[in-house]
Every structure is written in C-alpha cells, then in structure tokens.
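**Student:** Sending over a structure as structure tokens; questions will come in a sec.
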Amino acid sequence: MIKIYDTTLRDGTQGEGVSFSRRDKVKILRLLDEFSIDYVEGGWPGSNPKDIDFFKAAADIELNHSKLAAFGSTCRKDSDPQDDANLKAILDVKTPVVTIFGKSWHLHVTEVLRTTPEENLRIIKDSVSYLVSQDREVIYDAEHFFDGYCADSEYAMKTLEAAAAGGADWLVPCDSNGGKLTGQVAEITAAVVEQFPNYRIGVHCHNDIGLGVAVSLAGVESGASMVQGTVNGYGERNGNANLTSIIPGLVLKMGHEATCTQHLQSLRDLSL
C-alpha cells in the first residue's frame, strides 16, 4: 500500500500566483480528505500567522481519513529542542503528525547552518526524539538528500541514521533542487531502502527539469512506500511532483494499491 502525502497547502503555496486564504485552505483540506489522501501538510506554524490561523480552524474539522501534519525545521544549532520556538509552534497546533526537515548536504551544514557535521547529526536526532516523546507521528524530510548523497554518500546516510535513532516513523529523502534523473533517484532510493530495511521510506521530489512525476515513480519502484507532492504540481520554481499524475501512474500503470484508489474517478474534479 503506497501512502500519499499532499503538501499543496504548504509547498504548493510557494508557486507563483498561488495565494490561499484560510477559507481556501479549509476547503482544500476537506476535498483532500474526501479523496482519502493519507497525509495533508497544512503549513509551517512557526513561519507566519496565516498558517497558525488555518490550524486553529482545522482543529474543529473532523477528518474521515487524512492525517493533518504541521511542518517545520529541526531545532537551531547549539540549542535544545525543548527550548526551540519553531518546535514549540509545531506542537502548539496539536496535529497528530509533524514533519520536520534537516540538512543532508555537507555543504549546507557548513555554509548555511555554519556548524559542524557532528552538531547537525545531534540536532536531527534530538529534534526527532523530542517530537516522538510528545506522542507525535514524525516524518523526517531529508532536505537536498540526493545532492548531498552525490557529494558525500556516507554523511548523507548518517543524517538518516540520526533521524532513525531519534525514532522517526518515516525517512523521506528529498530531491529539493528537482535536478536528478530517474536512474539517479532509483539507485539512491534503493540504497536507502537497503540500508534501512526496518523503516518506512518516502520520496519528495521537485520538477525543475520536468521529471518530478518520473523520479517519484522511480523512487517507488526502488522500494519507497510514500510519495509526497502537490495537486497539479503547484510549488516553488517549476513546481513539485504532480500527484494528479502520480496517483493514476501508481495505480493504473504500476499496479500499486493506495487508499485513494476508490476515488480515482473523482481525480479530475479534485484537480479542478
């Protein structure tokens, strides 16, 4: 069974010309739930008041299938997760699922976070562990994983090991730049699946070279059991992996089962 994770309400809003009101986001959440999407990422409550308002409104909605997720980053370097304002904001909206991202690429650790590789591993493990201790299902998005793996495969894998050691429920390598070819995503995802046989693996891909759908399906062929994306491929730059194409590809072309299969005839209406 392939799980579908929708991030239209967060990643999708970064697309040019896309601006959802709170009312829009509530309506979309209901539609995604009716379609039996497994996970719906509602936004980043630590980043803006609009997302906090949405989560307040969503708290009064009884979902029939979808699990609502709040998104954010690991705690800051040289700090403890229980003191981190971002993680506090994520927990405050009381979603059953939290998705956090961390650095996978050695370059980003030293040049963006400006910290040591060891400290980056600590904040990944400690952040995940803290959220697990708060009774949340934790999805760990490994930002820029495929680029990080190509630069230093050993360290990229260590970042996933840190998330696993913290108790993450899902490990999700991300092609954040959207620049990898299908063979690369297939090979690297297979390596992750092999190294973490007891963990559920997902893929999160962008569409910068027009392969968002293809590389997502390649990830599933290599053993991933979750696909993250957005309706119609909305998203920053050239967009995210398009779930409107991925879902029928998984079901009709690859023969996989997904909970939303029963609603496949309504996919066109969801897209509109």
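**Student:** Calculate, for the stretch 46-199, the solvent-accessible area per residue in square angstrom, rolling a 1.4 angstrom probe over the heavy atoms of the protein chains.
**Tutor:** 44
**Student:** Wrap a convex hull around the Cα atoms of the stretch 207-259, take a quarter of its surface area, and give that in square nanometres.
**Tutor:** 3.4
**Student:** Could you give the distance between the Cα centres of the stretch 34-79 and the stretch 100-121, to the whole Å?
**Tutor:** 25
**Student:** By average Cβ neighbour count within 10 Å, what is the ranking of 214-224, 30-40 from highest down?
**Tutor:** Descending mean neighbour count gives 214-224, 30-40.
**Student:** Between T95, T182, T116, where does the largest GNM mean-square fluctuation fall for the chain, given springs only between Cα atoms within less than 10 Å?
**Tutor:** Taking springs between Cα atoms under 10 Å, the residue moving most is T116.
**Student:** Okay, moving on. What list of ³J(HN,Hα) values in whole Hz, one per residue of the stretch 167-177 in order, does the Karplus curve 6.51 cos²θ - 1.76 cosθ + 1.60 (θ = phi - 60°) give from phi, with Gly and Pro shown as x?
**Tutor:** Going residue by residue, I get x, 4, 7, 9, 10, 10, x, 10, 8, 5, 8 Hz, with x marking Gly and Pro.
**Student:** M254 to K77: extension gain in nm, 0.36 nm per residue of separation minus the Cα-Cα distance? Write out the running numbers ahead of the final one.
**Tutor:** Working: separation 177, 0.36 × 177 = 63.72 nm, distance 4.23 nm.
Once the chain is fully extended between M254 and K77, it gains 59.5 nm.
**Student:** Calculate, in nm to one decimal, what V112 and R200 gain on full extension: separation in residues at 0.36 nm each, minus their alpha carbon distance.
**Tutor:** On the way: separation 88, 0.36 × 88 = 31.68 nm, distance 2.85 nm.
Computed gain between V112 and R200 is 28.8 nm.
**Student:** Per DSSP H run of at least 4 residues, take -39500 (n - 2.57); add these up for the chain, divide by its residues and hand me the 222 nm value, nearest 500 deg cm²/dmol.
**Tutor:** Dividing the helical sum by the residues of the chain leaves -12000 deg cm²/dmol.
**Student:** Could I ask something else about it? For the stretch 171-247 and the stretch 5-32, compute the distance between their C-alpha centroids and round to whole Å.
**Tutor:** The two parts, judged by their Cα centres, are 20 Å apart.
**Student:** Greater than 30 Å separation of Cα atoms is the criterion. Which listed pairs, K88/K180; K3/K25; K27/K158; K27/K77; K50/K253, meet it?
**Tutor:** Distance filter (> 30 Å) returns K88/K180; K27/K158; K27/K77; K50/K253.
**Student:** What part of the accessible area of the chain, given as a whole %, is carbon or sulfur when the probe is 1.4 angstrom?
**Tutor:** Taking all protein chains in place, the chain shows 47 percent carbon and sulfur surface.
**Student:** Hey, another quick one. Tell me the relative contact order for the chain as a rounded percent, counting alpha carbon contacts under 8 Å between residues six or more apart.
**Tutor:** Relative CO of the chain lands at 20 percent.
**Student:** Please give the length that would be gained between R268 and N177 if that part of the chain were fully extended, namely 0.36 nm times their separation in residues minus their C-alpha to C-alpha distance (nm, one decimal).
**Tutor:** Residue separation times 0.36 nm, minus the Cα-Cα distance, leaves 29.9 nm.
**Student:** Related question: Kyte-Doolittle cut-off -1.0, length cut-off 15 Å along the helix's own axis using Cα: show which whole DSSP H helices in the chain pass.
**Tutor:** Result, helices passing both filters: 22-34, 117-133, 153-166, 182-195.
**Student:** Quick check for you: with a 1.4 Å probe and neighbouring chains kept, what is the accessible area per residue of the stretch 202-272, in Å²?
**Tutor:** In whole numbers, the stretch 202-272 has 41 Å² accessible per residue.
**Student:** Using packing as a proxy for protection, rank 245-254, 166-175, 227-236 so that the peptide with the highest average count of other Cβ atoms within 10 Å comes first.
**Tutor:** Per-residue mean Cβ counts within 10 Å order the peptides as 227-236, 166-175, 245-254.
**Student:** For the pair E221 and A165, how long in nm is the line joining their label points, each one 7 Å along Cα→Cβ?
**Tutor:** Taking the simple label geometry, E221 and A165 are separated by 3.5 nm.
**Student:** Residues of the stretch 238-272 with backbone nitrogen within less than 15 Å of a virtual label 7 Å along the Cα-to-Cβ line of N64, please, listed as ranges.
**Tutor:** Residues 259-267, 270 qualify, since their backbone N sits under 15 Å from the label point.
**Student:** Also: Between K88 and R23, what is the label-point separation in nm under the 7 Å Cα-to-beta-carbon projection?
**Tutor:** In this crude label model, R23 to K88 measures out at 3.4 nm.
The values are calculated or read from the model by the stated rules, or taken from the named source; none is laboratory data. Keep in mind that this is a model prediction, so the values were computed, not measured. No Cβ is skipped: glycine too gets one built from the backbone with ideal geometry, and neighbour counts run over all protein chains shown. Ligands, DNA and RNA are stripped out before the accessible areas are found, and what is left, the full protein with its side chains, is counted by its heavy atoms. Shrake-Rupley method; radii C 1.70, N 1.55, O 1.52, S 1.80 Å.
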